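See below for the structure under consideration.
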Amino acid sequence: MILFLAFDRVRRFDVFQTRTKMARSLLANRLARLVDVGVFCRVEYQKRPVRHEYRLTPMGLDLFGASLMIIRWEKLWFPDPEAPIHWLEHACGNVFLPELRCSACDREVVARDVVAEDGPGAGFDPPQMPRVQRRSRVARIDPDPHEKMLERALEVIGDRWITHTIASAFTGVRRFGAFQSELGVAPNILSERLARLIDLGIFERQRYQEKPERFEYRLTPVGRDLFPLIVELIRWGDRWLATDKGPPQILTHRPCGQPLVPRITCDHCHEVVTVTSTRIG
């Protein structure tokens with residue numbers, strides 16, 4: 001939510017607090033964490049008393065692509081004409097749907113065209129922040145359209161195990177034991193996350209054995225359209241979190257046979273989309 005507002009050019013503590021309605025102590029904690037990991041930097045804008053703005057660093061600005069992929073998913077499956085972010089305009093003057101394309105061949109990227117293999121940095125996982133209690137996703141949803149979008153986005157990328165489970169599904173993992181082996185996750189945590197993904201419409205259960213009854217967990221069309229977001233998160237992680245050994249995973253685009261280097265374009269003019277080339281209409 002804080003990042004969303006930062007891309008809307010919010011910089012000052014009081015404005016973040018007014019827009020998010022967070023407790024001041026909670027907001028201060030989150031801003032400090034974003035500074036610590038390098039997504040924000042603090043810039044003094046007043047001497048007496050001393051006050052600071054919170055500005056996106058290059059690392060933070062580079063999350064804009066992932067934000068666009070969230071907007072894309074939202075517009076495809078949860079269109080809401082009352083949500084201002086769904087009226088995002090490109091510099092060409094059109095309200096646009098962001099597209100993820102291969103830099104080598106310019107084809108739009110879809111899951112079936114991408115192959116994943118272990119990279120030189122395989123096996124490294126950045127340390128995780130302490131887990132915080134997850135908010136209820138039904139009873140406490142704010143009626144504001146932005147809040148609804150953010151709640152859905154947080155369900156997908158605000159939980160480590162859900163994001164990893166979705167990413168594993170794109171590599172062909174379908175069965176409970178395979179997810180557990182791939183992720184190294186406790187059975188009770190995996191059961192809860194799979195149930196939540198079904199509830200969100202991202203996975204569906206399909207029975208593959210009668211006695212004893214066993215099920216596979218497969219991506220729905222809603223889930224498959226999260227692939228561009230997963231690719232953008234991988235790209236961002238490779239750029240900012242990979243070790244000196246290199247990225248943990250290499251993606252290859254089958255149609256052209258080249259390593260996948262994604263770029264985001266406007267579906268009208270097909271030019272690259274950047275923070276400075278967009279505005280909320």
### Positive-end residue, the stretch 1-52 charge dipole about Cα centroid, Cβ charges, pick of Leu27, Val39, Phe4
Leu27
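Which value, in debye to the nearest 20, gives the size of the charge dipole of the chain about its Cα centre, when Lys and Arg are +1 and Asp and Glu are -1 at the Cβ? Don't skip to the end; give the middle numbers.
Numbers: 42 positive and 36 negative charges, 181 e Å.
Here the size comes out at about 860 debye.
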### Query
Taking amide hydrogens as modeled 1.01 Å from N in the peptide plane, which residues meet the under 5 Å criterion relative to Ala83, leaving out close sequence neighbours?
none
### Query
Of the residues Met149, Met69, Met22, which exhibits the maximal mean-square fluctuation in a Gaussian network model of the chain defined by a 10 Å Cα contact cut-off?
Met22
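What number, rounded to the nearest 500 deg cm²/dmol, is the helix-based mean residue ellipticity at 222 nm of the chain, given -39500 (n - 2.57) per DSSP H run of at least four residues and division by all its residues?
Values: 11 runs with 107 residues, N = 281.
Counting only the DSSP helices, I get -11000 deg cm²/dmol.
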### Query
³J(HN,Hα) across the stretch 175-184 via Karplus (A = 6.51, B = -1.76, C = 1.60, θ = phi - 60°), whole Hz, x for Gly/Pro?
9, 3, x, 5, 4, 4, 5, 5, 9, x
### Task
Order by neighbour count: Tyr217, Tyr208, fewest other Cβ atoms within 10 Å first, most last.
Tyr208, Tyr217
### Message
Suppose the chain between Arg175 and Glu213 were pulled fully straight at 0.36 nm per residue; how much longer would it get relative to their current alpha carbon spacing?
### Response
12.4 nm
## Note on the structure
Residues whose modelled amide H sits under 5 Å from the amide H of Arg107, counting only those 5 or more places away in sequence or on another chain, are Cys102
### Message
For the chain, take the convex hull of the Cα atoms, compute a quarter of its surface area, and give me that in nm², please.
### Response
17.0 nm²
### Query
Residue by residue through the stretch 224-237, which ³J(HN,Hα) values in whole Hz follow from phi under the Karplus form 6.51 cos²θ - 1.76 cosθ + 1.60 (θ = phi - 60°), with glycine and proline marked x?
5, 6, 7, 4, x, 5, 4, 4, 5, 5, 5, 4, 4, x
### Nonlocal amide H pairs with Ile280, under 5 Å, H built at 1.01 Å
Glu89
### Message
Which of Arg48, Arg175, Arg19 ends up with the largest GNM mean-square fluctuation for the chain, with Cα atoms connected below 10 Å?
### Response
Arg48
### Query
In percent, what relative contact order does the chain have, based on Cα pairs under 8 Å that are 6 or more apart in sequence?
26 percent
### Message
Just to confirm a number: summing +1 for Lys and Arg and -1 for Asp and Glu over residues other than Tyr208 whose beta-carbon lies under 14 angstrom from that of Tyr208, what do you get?
### Response
+3
### Query
How large is ³J(HN,Hα) for each residue in the stretch 101-114, as worked out from phi by the Karplus curve 6.51 cos²θ - 1.76 cosθ + 1.60 (θ = phi - 60°), to whole Hz, x for Gly and Pro?
10, 7, 5, 7, 10, 6, 7, 5, 8, 10, 4, 5, 9, 10
### Message
If you average the C-alpha positions of the stretch 1-45 and of the stretch 185-204 separately, how far apart do those two centres end up, in angstrom?
### Response
31 Å
### Query
Once both axes come from the Cα atoms, what is the angle between helix 187-199 and the longest principal axis of the chain, in degrees from 0 to 90, rounded to 10?
80 degrees
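Specify whether the C-alpha gyration tensor of the stretch 1-61 places it in the rounded, prolate or oblate class, a ≥ b ≥ c being the square roots of the eigenvalues: rounded for a/c under 1.5, otherwise prolate if a/b is larger than b/c and oblate if not. Could you put the intermediate results ahead of the total?
Working: a/c = 1.40, a/b = 1.06, b/c = 1.32.
It is rounded, given that a/c, with a ≥ b ≥ c, falls under 1.5.
How much length would be gained if the chain were fully extended between Ala28 and Ala91, taking 0.36 nm per residue of separation minus their Cα-Cα distance, in nm to one decimal? Each step should come with its number before you reach the end.
Working: separation 63, 0.36 × 63 = 22.68 nm, distance 3.47 nm.
Between Ala28 and Ala91, full extension yields 19.2 nm more.
Readers should treat all values here as calculations from the given coordinates under stated rules, not as data from a laboratory. Only a predicted model underlies this, so the values are computations on that prediction, with no experimental measurement involved. Using ideal geometry, Cβ is built from the backbone for each residue, glycine included, and neighbour counts are taken over all protein chains shown.
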